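**Student:** This is the structure I have questions about; it appears just below.
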Amino acid sequence: IIWLGIGETSKITLLVLALLVIVAIIIGIATLGGSSDETAGGDPEPTQQPTSAPEETEEPEPEAAPPSIEEVTAIDPEGDDEENSDEAELVMPGEPGGWRSERYNSPDFGGLKSGLGLMVELEEESEISQLDILAPDGTSVLEVRVGDSDDVEDAETVEEVDLEGDLTVELDEPAVGQYVFLWFTEATAEGGGYRAMIDEVDIS
């Protein structure tokens, strides 16, 4: 800047103008610098939302297979253990005919024994909830017992019913065992005497 020939007032004015120009240049540089930084940075990256782990679902327990009958045997522990044993297998589902005990002269088997009946052996220990029984008309008293051995005395009585023809026996609580006993304590009138009789039994 050449100061020669310029008055004091003019000098001050020029100095102020120079300062303003410098300040404007500095502000312009700062502004341009900020814009370039923002441009260089581009759009901010989207924040990634945390992914929640999939909820674990409990696998349903497989349903137990229904009980399967292995063998049916007539039992007469206080007698000769015969009781028309050759007919016992006829009570299995789908078999024709049925089982009849020997004939007695009174419902309590002539006072000779406390009971008799059938032993249904399952293929394996199973949970038992229901028995569907087909039987001739008449009235007899039947205990359903369930146990882990082939001894009817060791089995638990889970139901006692009046058997008057076809009947579905639903247990209050499921029973577990491999042996199901259809134990008659009273026989029904039949052919001039009294017999225990079952045409078919299905266990579920």
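The values are calculated or read from the model by the stated rules, or taken from the named source; none is laboratory data. Given the structure is predicted, the values throughout are model-derived calculations rather than measurements. Reconstructed Cβ throughout: ideal geometry from the backbone, glycine too, with neighbour counts over all protein chains shown. When the accessible area is computed, the model is the full protein with side chains, heavy atoms only, and any ligands, DNA or RNA have been set aside. Shrake-Rupley method; radii C 1.70, N 1.55, O 1.52, S 1.80 Å.
**Student:** If you check Glu83, Glu71, Glu95, Glu78, which single one turns out to be at positive phi and touching a residue at least 24 places away in the same chain (Cβ under 8 Å)?
**Tutor:** Matching residue, one of Glu83, Glu71, Glu95, Glu78: Glu83.
**Student:** Going by the conditions given, is Glu102 in contact with a Lys or Arg (Cβ under 8 Å, 6 or more places away or on another chain), modelled with pLDDT of 95 or more, in a loop (DSSP other than H, G, I, E, B) and open to solvent by 50 Å² or more (accessible area, probe 1.4 Å)?
**Tutor:** Yes, satisfied.
**Student:** Looking at (1) more than 22 Å from Gly138 (Cβ to Cβ); (2) modelled with pLDDT under 95, which one does Glu83 not meet, given that it meets all the others?
**Tutor:** Failing condition for Glu83: (1).
**Student:** Identify, from the list Ala30, Ala64, Ala40, the residue that is modelled with pLDDT under 75 and in contact with an Asp or Glu (Cβ under 9 Å, 6 or more places away or on another chain).
**Tutor:** Matching residue, one of Ala30, Ala64, Ala40: Ala64.
**Student:** Okay, next question. Touching a helix residue (DSSP H, G or I) at 6+ places or on another chain (Cβ under 9 Å) and either touching a residue at least 60 places away in the same chain (Cβ under 8 Å) or open to solvent by 30 Å² or more (accessible area, probe 1.4 Å) (or both), is that true of Asp154?
**Tutor:** no
**Student:** Here is a further query. List, please: which pairs have Cβ atoms under 7 Å, are six or more places apart or on different chains, and start with a residue in the range 135-151 that is β-branched (Val, Ile, Thr) and end with one that is open to solvent by 10 Å² or more (accessible area, probe 1.4 Å) and part of a loop (DSSP other than H, G, I, E, B)?
**Tutor:** Within 7 Å, the pairs are Thr139/Glu164; Val146/Ala155.
**Student:** Here's something else I'd like to know. Among the residues that make up the range 127-144, is at least one of them open to solvent by 30 Å² or more (accessible area, probe 1.4 Å), touching a Ser or Thr at 6+ places or on another chain (Cβ under 9 Å) and within 17 Å of Glu78 (Cα to Cα)?
**Tutor:** no
**Student:** Where the second residue is in a strand (DSSP E or B) and aromatic (Phe, Trp, Tyr) and the first is free of Cβ contacts under 8 Å to residues at least 24 places away in the same chain and lies in the range 107-128, which pairs have Cβ atoms under 8 Å and are six or more apart or on separate chains?
**Tutor:** Correct list of pairs: Gly110/Tyr104.
**Student:** Which of the residues belonging to the range 67-99 are within 26 Å of Pro174 (Cα to Cα) and in a loop (DSSP other than H, G, I, E, B)?
**Tutor:** Pro67, Ser68, Met92, Pro93, Gly94
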